[in-house]
Number of protein chains: 2
Amino acid sequence: MNIGQASDASGVSAKMIRYYEEIGLIRPASRSGNNYRVYDEEQVHVLRFVRRARSLGFSLEETETLLKLWQDKSRTSAAVKEVATGHIADLERRIAEMQGMVKTLKHLAHCCGGDHRPDCPILDDLAGEKPLHDQHHHHEGELR
Amino acid sequence: MNIGQASDASGVSAKMIRYYEEIGLIRPASRSGNNYRVYDEEQVHVLRFVRRARSLGFSLEETETLLKLWQDKSRTSAAVKEVATGHIADLERRIAEMQGMVKTLKHLAHCCGGDHRPDCPILDDLAGEKPLHDQHHHHEGELR
DNA sequence: GTAAGGCTTCCCATCATGGGAAGGTCAAGG
DNA sequence: CCTTGACCTTCCCATGATGGGAAGCCTTAC
């Protein structure tokens, strides 16, 4: 199986397969006579593992850790769980950060007329002016 | 005011001030005889605007748009609001994506013993095996 | 005079991915 | 046999926003 077929079978682009090999995430593929990379089902399985880990937001470094644990038959599920819970915490931190932004932005947008006039509490906030005392133009709740 | 003072006054690192100038986000600072960049209160105000926009997650491109709207006295608040709502939608999309990851990961972690044994539904999922039928080890709800 | 600290530019690294060029290889079909 | 097209190879560059650090200039204080 060449890299194109491995890519189709795994859902990982050929570009990324080469990159993962380069950074040592996956073992270098063996080469056929024409210097083409050759893959078997097992390698494709590894690639799918990587793709799934990436789709759950694990970094390549975390993915490498998980990959090693997967291949280590004497691993403990505690070790795996620790990686996962660490990642969950990271995601939740980032989610909370973005939710804070959304909350502020929705409040500002809610207070913004959104009309032809130039007055805009959003710009006022960015400019550090007029702390905004909820004197909004709308009365239909757009928040929540 | 030199770049260091402007940095302290605005909360934007000197490195970033130079970068923002380089990419055209802010106007090139005038230079004093020794070729040092010189800033006044107005420039610092602009830098604070940028910092605030960044802290709300606006990209530098969006920040540039907002900066131009801020300086354009004939802007409409509708134009500003559109940028903000677009950004809110983007944030919410990313939040939803990450929440999906968290949901899956919490489920998997919940079903993982987290003990000395190697069996691990997290790895099984990543490997694309055993679709997981909620046969978890825990009974205290960790989800939600 | 020299040391410290601030300024300048320039290059490199991050993280994960894609784009594209230049060139080798292979299979099918004229 | 030769061309065409679809692969493959490596190498370089770009993204977005930021930081690190080197080499060298300027100023101020001791």
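No lab work stands behind these numbers, since they all come straight from the coordinates. Treat the numbers as computed from the prediction; the structure is a model and nothing was measured. Cβ placement follows ideal geometry from the backbone for every residue including glycine, while neighbour counts extend to all protein chains displayed.
Report the number of Lys pairs in chain A whose alpha-carbons are under 30 Å apart, with separation of 8 or more residues or on distinct chains.
Values: A:Lys15/A:Lys68; A:Lys68/A:Lys81; A:Lys73/A:Lys81; A:Lys103/A:Lys130; A:Lys106/A:Lys130.
Lysine pairs meeting the criterion: 5.
Rounded to the nearest 20, the size of the Cβ-charge dipole of the protein assembly as shown about its Cα centre is 500 debye, with Lys and Arg at +1 and Asp and Glu at -1. In nanometers and ordered shortest first, the copy-to-copy spacing of the B:Lys73 label point, defined 7 Å from Cα toward Cβ, is 7.9. Along the charge dipole of chain B, pointing to its positive end and built from +1/-1 on Cβ of Lys, Arg, Asp and Glu, which listed residue (B:His87, B:Tyr36, B:Ala109) has its Cα farthest out? Checked the options; the winner is B:Tyr36.
When the expected Rg is taken as 2.2 N^0.38 Å, what fraction or multiple of it is the alpha-carbon Rg of chain B?
1.69
What you get for chain A, charging only the Cβ of Lys and Arg (+1) and of Asp and Glu (-1), is a dipole of about 740 debye around the Cα centre. Looking down the axis that turns chain A into chain B, the chain A residue with its beta carbon nearest that axis, and the gap rounded to whole angstrom, comes out as A:Ile95, 3.
Label point of A:Ser59 (7 Å along Cα→beta-carbon): distances to the other copies' equivalent points are 2.3 nm, sorted ascending. Average projection, convex hull of the Cα set of the range B:1-58: 3.6 square nanometres.
Among B:105-113, B:68-76, what's the highest-first ranking by average C-beta atoms within 10 angstrom per residue?
Result, highest mean first: B:105-113, B:68-76.
Across peptide B:46-52, what mean number of C-beta atoms from other chains lies inside 10 Å of a residue's C-beta?
2
Once the convex hull of the C-alpha atoms of the protein assembly as shown is built, how many Å³ does it hold per residue, rounded to a whole number? Could the numbers behind the result be given before it?
Details: hull volume 61.8 nm³, N = 288.
Cα convex hull per residue, to the nearest whole number: 214 Å³.
Label points for B:Glu42 are taken 7 Å from Cα along Cα→Cβ. From this copy to the others they lie 7.0 nm apart, shortest first.
Using the Kyte-Doolittle scale, which helices in chain B average at least -0.5 and also have C-alpha atoms spread 20 Å or more along the helix axis, with helices defined as whole DSSP H runs? Mind dumping the intermediate values first?
On the way: long enough: B:41-55 (21 Å, -0.77); B:77-111 (50 Å, -0.02).
Once both thresholds are applied, what remains is B:77-111.
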